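I have placed the structure first, in the form of C-alpha cells, so that the comments after it can refer back to it.
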Amino acid sequence: MSKPRVAFFDFACCEGCQLQVANFGEALLDVLKLIDVVEFREVMSEKSNEKYDIAIVEGSITTNHDIERIKKIRNTAKVLIAYGSCATIGGVNGMKNNFPLEKIKKYVYNKDANYFDTIATKAVHQVVKVDYFVHGCPIYQPEFIEVLKSALRGLPYKVPDYSVCVECKLNENECMYDKGITCLGPITRAGCNSWCINNGNICYGCRGMVTNPAKNAQMDVLDKYKIPLDWIKNKINMYNKAGEQAPEEK
Amino acid sequence: MKQFKILEKKDFPQFIKRLSKKHKVVAPVSRGNKSYAFTQVDSSDQIAMKYIPTILPPKKYFMPQRETLAQYNKSKKTFQTVLEFEELVIFGVHTCDLAGIQCLNIVFSDTPKDINYIARKNRILIIGLECNDYCDEYASCKVMDSHHPNGGYDLFFTELKESFIVHVNTLEGEGIIELTGLFKEATSNHLKEREGVIAAKKKIFKDEVDVHYKDLKPMFDKSAGSKVWEDLEKRCLSCGNCTNVCPTCYCFDIIDEINLDLDTGYRIRQWDSCQNEDFAKVAGGESFREERGQRQRHRYMRKFSYPVERYARHFCTGCGRCSRTCMAKINLKETINALAKENR
Ligand code: SF4
Ligand code: SF4
C-alpha cells in the first residue's frame, strides 16, 4: 500500500504549530514511515501540485482570499485536519472580532486600509467541513500523533468533553485557585494533559470551552473567590472570540 | 496480646534512611500552600508529618491514573495481558485513607477478581500514622468511624511525647522492624501514654453532621426527589475533582491505543468520573445522567447507599477531600445536613 500524501498548509497564524510538528524529535521518524509529506512550507521547498490525500491546516480564515483557498484545499483533500487554536477555534486572531472591522482595519493599516481585504476571523470549520481537530496553542504533540493515527485508520478521534481540571487532578497539581490565581481550567476542554499547569502556568483556555460549561455555577465560583467577571472575560476573549461576529460600527 | 514497639523520635531520620535504602518509600510531601502529595522520599526532612489529606489519596498506587492492562499485535494476531506492579512502602497513611484502601480491596476482590489490582496490592506495605487532632473543618471521619485504625496496615505509628509507639500488625511489618533495627519493646508506661492519646482523641472527635451513622443510608434512600440535588445542579461545574480525589471512587475507562507502526498496541485503563459529561453516555448519544444534579446524587448514593447494600460498608471515609477540592464549595457535611433538615 502506498503511503498517503500529506500536505501542511497555513493561514493566519504564527506557524508555531508547524514548528511543534517539525520538533517531534524521534517520533517524527516513525511518523514519516507512515506518511509521505508532499508540502510543508516551514521545512521543505517542494510543492504538492495539488495532489494530496490529507490536508493538515493551521491558522484562521481572515480574508476572502482565504475562503477561496481553503475551499480549494477541502475539494482536493480526502481528509482535512485542522490543528492549532487559530484553525480549530479562531484562537488569538479572534480578538479582532472584539472591534468593528473598519475600525480595526484602520488601526492596523492606517491610510492604506483600503488596499486590504479583511473579514471577521473564522475557525476553519466555520467555512468548510473539518474531519479532525487538534486543539491547542500550540498543539500538544502527543495529541497530534493520536489524531494522525486515527485519521490514518479512518477512525474518529474524540476530543475530551470534560474540563482540564480532570487531567490536572490526575497529575496532582496544586489548584491555581488555592494559590489565589484565576485559571480557565474549569471551563476548558481537556486533551492537553494539563500541560501548562504541570509547568507552573495557568490555563488560558486555548483549547476552547467544554460544550456545557455551567455558566451559573462559574459565576458562583467567581463570586466566592472574589474574582471580577472582567478578568475572566478578558482571559476567555484571548482565544474564544471567533465564534462571535464583530460588533457593528457605532 | 497486641504487639507494640517503640521508635525514639531521634531515631526517626535513621529509620527513613535505612528503610529507603532497601525499599522505594513514598510519604506525604508538601506541595505548596496547604497541599500535600504522596511522593518518593529518602530522608525524613522531606516528609510532612503533620499534613492534611493529600491531593490524591494513596489509591494512586493501587490503581494508577493510567495503567497498561494488555498488549496486542494485529498481524501476529496476539493479545497478551500485562501486569504492572512494584514493591513499595507507603509511610504515613492516615486512618481515613486506610479505610479507603480497605474499600477498594473489597471491590477489586469481588468476582471477577481484578488481578492487576491484586498484584499491586500484594506488593505494597502500609505504615499508618495516627492523627491526634482534626486535619481541618472539612473532615468528617468521626461520623464515618474512620478516625481510629480498623486494621489494613502492616505497621501503625502513634506519636507520643518522645517517641512513636508502633503497632505491628503483620509479618511484613515485623520484617521492617527487623530490617531497620531501631525499635525496642514498649513498656507499660508507653502503653499508658498511648491510652492517654486515645482518650484525648475521644474528647476532640465528635460527630461532624446532624445524622447518626446508622441513619445515613435510610436518609439517602429517601432523598431521590430532594431539593438538595436541584441546588447542587445549579452549583456544580462537573469538573470531576470530587471523584478523582476520593479514596473510594474507582471508576475507570478502558481504551485501546495503537503504536505508530499501526500494528502493535496496548490496552490501558484510566480513571473516569461519574461527574464527567460523557460518563453515562451510550451509543446513539443518549445519556442516563444528563443533569449535574443527577450526577451529584449518584456520587452521594455511591458513598452512602449502594455499597452499604452490597458490601455492608459506607464508601465515605470522611477524609473531606471532595469538599476541600470543590471550587464551587459543594460541601459533603453541608449536603448531609441539608438532607437531614428536609427530613425533620
Ligand atoms: S468538585 Fe465540585 S464542581 Fe467539581 S464535579 Fe465535584 S461537586 Fe461538581
Ligand atoms: S466522599 Fe468525600 S469525604 Fe467521603 S471519602 Fe470521598 S472524598 Fe472523602
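So for the range A:153-175 (the condition being in contact (Cβ under 8 Å) with a residue 40 or more places away in the chain, in contact with a Pro (Cβ under 9 Å, 6 or more places away or on another chain) and over 18 Å from A:GLU58 (Cβ atoms)), does at least one residue qualify? Yes. If you go through the range B:53-75 and keep only what is within 16 Å of ligand 2 (Cβ to nearest atom), more than 14 Å from B:ILE124 (Cα to Cα) and more than 12 Å from chain A (Cβ to nearest Cβ), you end up with just B:PRO53.
Specify the residue that is farthest from B:ALA338 (Cα to Cα); the eligible residues are those in the range B:291-325 that are β-branched (Val, Ile, Thr) and away from ligand 1 (no atom under 12 Å from the Cβ). It would help to see each step written out before you state the result.
Residues of the range B:291-325 that are β-branched (Val, Ile, Thr), as a first pass: B:308, B:317, B:325.
Add one more test, that the residue is away from ligand 1 (no atom under 12 Å from the Cβ), and what stays is B:308, B:317.
Numbers: B:VAL308: 21, B:THR317: 19 Å.
The qualifying residue farthest from B:ALA338 (Cα to Cα) is B:VAL308.
Pairing residues of the range B:329-344 that are under 10 Å from B:VAL211 (Cα atoms) and touching a residue at least 60 places away in the same chain (Cβ under 8 Å) with residues that are within 15 Å of ligand 1 (Cβ to nearest atom) and hydrophobic (A, V, I, L, M, F, W, C), at Cβ distances under 8 Å and at least 6 apart in sequence or on separate chains, gives B:LEU339/B:VAL228.
Quick check on B:PHE79: is it outside the structural domain of B:ASN132 (by TED's automatic domain parsing), of a type outside the set (Asp, Glu) and outside any loop (DSSP other than H, G, I, E, B)? Considered against the rule, which asks whether it is outside the structural domain of B:ASN132 (by TED's automatic domain parsing), of a type outside the set (Asp, Glu) and outside any loop (DSSP other than H, G, I, E, B), B:PHE79 comes out as yes.
Does at least one position in the range B:246-260 carry a residue that is within 16 Å of ligand 2 (Cβ to nearest atom), among the aromatic types (Phe, Trp, Tyr) and modelled with pLDDT of 95 or more? Within the range B:246-260 (the criterion being within 16 Å of ligand 2 (Cβ to nearest atom), among the aromatic types (Phe, Trp, Tyr) and modelled with pLDDT of 95 or more), the answer is yes, since at least one residue qualifies.
Could you identify the single residue in B:GLY196, B:GLY173 that is within 22 Å of B:ALA27 (Cβ to Cβ), outside any loop (DSSP other than H, G, I, E, B) and in the same structural domain as B:PRO57 (by TED's automatic domain parsing)?
Values: B:GLY196 fails: within 22 Å of B:ALA27 (Cβ to Cβ).
On inspection, the qualifying residue turns out to be B:GLY173.
Would the range B:150-163 turn up any residue that is within 16 Å of ligand 2 (Cβ to nearest atom) and not acidic (Asp, Glu)? Don't jump to the end; show me each part of the working.
Narrowing the range B:150-163 to residues within 16 Å of ligand 2 (Cβ to nearest atom): B:150, B:152.
If we keep only those that are not acidic (Asp, Glu) as well, we get B:150, B:152.
Checked against the condition, which is being within 16 Å of ligand 2 (Cβ to nearest atom) and not acidic (Asp, Glu), the range B:150-163 yields at least one hit.
Residue by residue through the range B:206-234, note down the ones that are within 16 Å of ligand 2 (Cβ to nearest atom) and either at pLDDT 95 or above or in contact with a helix residue (DSSP H, G or I) (Cβ under 9 Å, 6 or more places away or on another chain) (or both). Break it down into steps so the answer makes sense when it comes.
Within the range B:206-234, the subset within 16 Å of ligand 2 (Cβ to nearest atom) is B:207-209, B:211, B:213, B:216-217, B:219-220, B:223, B:228-229, B:232.
Result: B:ASP207, B:GLU208, B:VAL209, B:VAL211, B:LEU216, B:LYS217, B:MET219, B:PHE220, B:SER223, B:VAL228, B:TRP229, B:LEU232.
One residue stands out in the range B:231-248 among those that are within 7 Å of chain A (Cβ to nearest Cβ) and either among the β-branched types (Val, Ile, Thr) or more than 6 Å from ligand 1 (Cβ to nearest atom) (or both): the one that is farthest from B:PRO57 (Cα to Cα), namely B:LYS234. In the list A:ALA123, A:ALA151, A:ALA113, which residue meets the criterion of being more than 20 Å from B:VAL245 (Cβ to Cβ) and surrounded by fewer than 21 Cβ atoms within 10 Å (Cβ to Cβ)? Exactly one of A:ALA123, A:ALA151, A:ALA113 is more than 20 Å from B:VAL245 (Cβ to Cβ) and surrounded by fewer than 21 Cβ atoms within 10 Å (Cβ to Cβ), namely A:ALA113. Looking only at residues in the range A:157-200 that are of a type in the set (Ser, Thr, Tyr) and not in a helix (DSSP H, G or I), the one that is modelled with the lowest pLDDT is A:THR182. All conditions but one from (1) in contact with a Gly (Cβ under 8 Å, 6 or more places away or on another chain); (2) among the basic types (Lys, Arg); (3) within 13 Å of chain B (Cβ to nearest Cβ); (4) over 15 Å from B:GLY240 (Cβ atoms) apply to A:ARG189; the one that does not is (4). Could you please find all residues in the range B:286-322 being within 13 Å of chain A (Cβ to nearest Cβ) and near ligand 2 (Cβ under 10 Å from one of its atoms)? Those that are within 13 Å of chain A (Cβ to nearest Cβ) and near ligand 2 (Cβ under 10 Å from one of its atoms): B:ARG321, B:CYS322.
B:LEU262 satisfies every condition listed in (1) more than 8 Å from chain A (Cβ to nearest Cβ); (2) more than 11 Å from ligand 1 (Cβ to nearest atom); (3) not polar (S, T, N, Q) except (1).
The values are calculated or read from the model by the stated rules, or taken from the named source; none is laboratory data. Because the structure is a prediction, the values reported are computed rather than measured. Reconstructed Cβ throughout: ideal geometry from the backbone, glycine too, with neighbour counts over all protein chains shown.
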